[in-house]
1. Would you mind getting the accessible area per residue of the chain, heavy atoms of the protein chains only, 1.4 Å probe, in Å²?
2. Grab the Cα-Cα distance for His82 and Leu133, subtract it from 0.36 nm times how many residues apart they are, and report the gain in nm with one decimal.
3. Probe radius 1.4 Å, ligands and nucleic acids left out: which of Leu151, Leu133, Leu214 has the largest accessible area, and how do the rest follow?
4. Name the residues of the stretch 95-118 whose amide N is less than 18 Å from a point 7 angstrom out from the Cα of His153 along the C-beta direction?
5. Under a crude label model (7 Å from the Cα following the beta-carbon direction), how far is Asp90 from Lys223 in nanometres?
6. Mean residue ellipticity at 222 nm from the helices of the chain, using -39,500 (n - 2.57) per DSSP H segment of n ≥ 4 over the full residue count, to the nearest 500 deg cm²/dmol?
7. What residue among Tyr99, Leu109, Ala78 has its Cα farthest toward the positive end of the dipole of the stretch 69-147, where the charges are +1 on Lys, Arg and -1 on Asp, Glu, each on the Cβ?
8. How big is the charge dipole of the stretch 145-197 about its Cα centre, in debye rounded to the nearest 20, if each Lys and Arg gets +1 on its Cβ and each Asp and Glu gets -1 on its Cβ?
Amino acid sequence: MNLKEVIVIQPKQRLEQERTSLRQKRRIEIIKAATAVFARQGFEQTTMQEIANEAILGVATIFRYFPKKEHLIVEVAANIVHSEIEILQDVLHDEGTCYEKMERIFDALVFYHQAHYQQNSKLIEAFECYVTLSKEPLENIQIYQDKYDQLIHLFTELAHLGEQDGSVRTDTNTVETLITMINVFGNFSKKMSMLHDTDAFNTRVDLNQQFNILKTTFLSALKA
């Protein structure tokens with residue numbers, strides 16, 4: 001390839017990169033807008049036009065990126081799981097034993113008082129109901145499943161660390177034990193995020209105390 005060919009190709013590559021970057025940025029903006037509208041109105045009541053208005057885009061542009069509303073619903077749910085993955089990755093790749101990292105994961109999952117996570121918890125709960133009640137499998141549900149599989153992979157990686165460093169019990173299936181504990185603790189935290197400040201669901205037990213009891217119970221059962 002001579003110099004002249006390089007000069008001709010490079011601008012084309014740069015233009016394609018810019019287009020790809022713009023498409024990705026717009027895609028993220030649409031998902032963000034959909035998240036906001038879904039949180040306010042729910043999945044069923046939201047229209048693509050309302051999402052377009054929120055994103056300050058034409059509705060035709062929304063349909064070009066997401067041909068069906070259910071595609072956006074799955075993308076929003078997958079994006080929430082991705083944010084959970086990032087939290088777990090930060091803990092997993094930090095220093096410490098498996099037991100110490102489990103303790104930090106439990107602490108990171110106590111987010112009931114944060115508005116952002118309250119919104120995410122309600123959306124995930126609504127998404128699970130939406131999937132369960134759908135007459136047909138959602139076309140792009142694999143996008144969500146792939147993200148969920150990444151979570152399971154992280155839990156499995158953490159369990160293998162525990163088997164190696166000896167900080168947690170190994171007389172039971174370590175992978176299944178850790179996945180169960182994190183799943184239960186995470187679901188409890190999501191539920192508390194949804195019901196926080198709703199008097200009708202007040203258990204009369206301080207929420208922080210409930211989290212501490214659950215955390216202590218799990219860590220005591222886990223410690224080698």
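1. I get 60 Å² per residue for the chain.
2. Between His82 and Leu133, full extension yields an extra 16.0 nm.
3. Reading off the accessible areas and sorting them downward yields Leu133, Leu214, Leu151.
4. none
5. Distance between the two pseudo-spin positions: 2.7 nm.
6. Taking each H run of at least 4 residues, the total per residue is -26000 deg cm²/dmol.
7. It is Ala78.
8. 260 debye
The values are calculated or read from the model by the stated rules, or taken from the named source; none is laboratory data. What you see is a predicted model; the values in this text were computed from it and never measured. Heads up, the Cβs are rebuilt from the backbone with ideal geometry, glycines too, and the neighbour counts pull from every protein chain shown. Each accessible area value is taken on the protein alone, full model and side chains, heavy atoms only, with ligands, DNA and RNA left out. Shrake-Rupley method; radii C 1.70, N 1.55, O 1.52, S 1.80 Å.
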